[in-house]
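Q: Supplied in structure tokens, the structure appears directly below.
The values are calculated or read from the model by the stated rules, or taken from the named source; none is laboratory data. These figures come from a predicted structure and were not determined experimentally. Every residue, glycine among them, receives a Cβ derived from its backbone with ideal geometry; neighbour counts consider all protein chains shown.
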Amino acid sequence: MQSQKRIDFIDLKAQQAFLPNLMERIQRVLSHGQYILGPEVTELEAKLAAYVGVNHAITCSSGTDALLMPLLAYGVGPGDAIFTTPFTFIATAEVIQLLRATPVFVDIDPRTFNLDPEALEEAVAGLAKNPRTASLKPKGIIPVDLFGQPADYDKISAIARRYGLFVLEDAAQSFGATYKGKRAGSLAEVAATSFFPAKPLGGYGDGGAIFTDNDDLAGTMRSIRVHGQGTHKYDHVCLGINGRLDTLQAAILLAKLEVFDGEIVARQEVAARYGAALSKVVQVPYVASECTSVWAQYSVLSDRKSELRKKLQEAGIPTAVYYPLPLHLQGAFAHLGYRTGDFPVSEHAATLIFSLPMHPYLTEDDQRHITNFFLNNR
């Protein structure tokens, strides 16, 4: 490898695929000067909605705000229980707690690392029986499409219907993936994604989007995005946030969206090469038959994790760990009373998992260097 690459950023050569279009779009924004909610934002929202296959795409300032805004629209607050996974980035549970609701963690499937529907059913049914949660009202579910693969939404949605809960799809890592032929972002009444630079469709800064077919919900979230704005700038019909996407980021994402399908194909090829080379050396990712993954990360499991990561670093091959400590064991959620052993699948995965370089511009030569390392260090 010519130089060490960070696992969470694509190679700069990626810009060559769309640089002329990118510069033209940026120059257009500089010319008209509408840096907040300019015409590029409207264009991007239309194209994102069409791509996902929903009626509304509401862009916003980050993937975290894309999770927060639907919760605000649903009126989530104190006394509400929102079920989610402990094996994810903190933003998923953070937005629940910011609204003074309670995240109720549910363990994951050991193959997909996504929310386990059977464990979810037990958690929802047992909420009132647990003294720690008996006072809470079950309100919603936030499944996370981890590493680029959608969760099992048919089973999760069936549970939600039985108990009268909403489902908010956390598609921060799965934009471009599919579940039973439907694109991520269209798998629940409302979905959130992120355009953080490391994501499959990444901008050059923070950004996010929310997807829904519900007209009323979309209208409420558009208001929340601009301080709860009503008919004009100084009319506020509800409490909201400053959650707008910058026009420059919209221009960048429009340019990147034009090459996105080709990048997804390239990601599939990179993942296939990894799987063919490493399946007998480490535990490689599992993709359910009804899903496609967009491979936001390529995460493997090994009981030699520490040894392999150290040797990989010495060989100039970067790795990362997503996620080293499940959320139920982190200080921000200590008041919830969870203990080691409460979610054994999540805890076991955290001890074994690490991620290899994954982006659509990873060359076969660089990837061969990575896989040969494993074959030579069995």
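Q: Consider A272 against the criteria (1) outside the structural domain of R28 (by TED's automatic domain parsing); (2) in contact with a helix residue (DSSP H, G or I) (Cβ under 7 Å, 6 or more places away or on another chain): it satisfies all of them except one. Which criterion is unmet?
A: Status for A272: all satisfied but (2).
Q: Another question, then. Would you pick out the residues in segment 91-124 that are among the hydrophobic types (A, V, I, L, M, F, W, C), within 18 Å of the chain's Cα centre (by Cα) and not in a loop (DSSP other than H, G, I, E, B)?
A: Once the filter is applied, which keeps residues that are among the hydrophobic types (A, V, I, L, M, F, W, C), within 18 Å of the chain's Cα centre (by Cα) and not in a loop (DSSP other than H, G, I, E, B), segment 91-124 yields A91, A93, V95, I96, F105, I108, L115.
Q: Let me ask something else. When the residues of segment 168-198 are filtered to those that are within 10 Å of the chain's Cα centre (by Cα) and polar (S, T, N, Q), which remaining residue is farthest from P150 (Cα to Cα)?
A: Filtering first and then ranking leaves S194.
Q: Check whether at least one residue in segment 145-162 is of a type in the set (D, E, K, R) and under 18 Å from H335 (Cβ atoms), and report yes or no.
A: no
Q: May I ask you to list the residues in segment 260-273 that are loosely packed, with under 15 Cβ neighbours inside 10 Å and of a type in the set (V, I, T)?
A: Listed by number, the list holds a single entry, V265.
Q: I would also like to ask the following. I'm checking my understanding of the structure. Among residues of segment 126-136 that are surrounded by fewer than 17 Cβ atoms within 10 Å (Cβ to Cβ) and closer than 23 Å to G77 by Cβ, which one is farthest from the chain's Cα centre (by Cα)?
A: Checking each candidate, the answer is P131.
Q: Could you list all residues from segment 259-297 that are within 19 Å of L201 (Cβ to Cβ) and touching a Lys or Arg at 6+ places or on another chain (Cβ under 9 Å)?
A: Passing the criteria: E263, C291, S293, V294, W295, A296.
Q: Pull up segment 60-90, narrow it to residues that are closer than 19 Å to L329 by Cβ and surrounded by fewer than 23 Cβ atoms within 10 Å (Cβ to Cβ), then point me to the one that is nearest to the chain's Cα centre (by Cα).
A: Taking the candidates together, the pick is F89.
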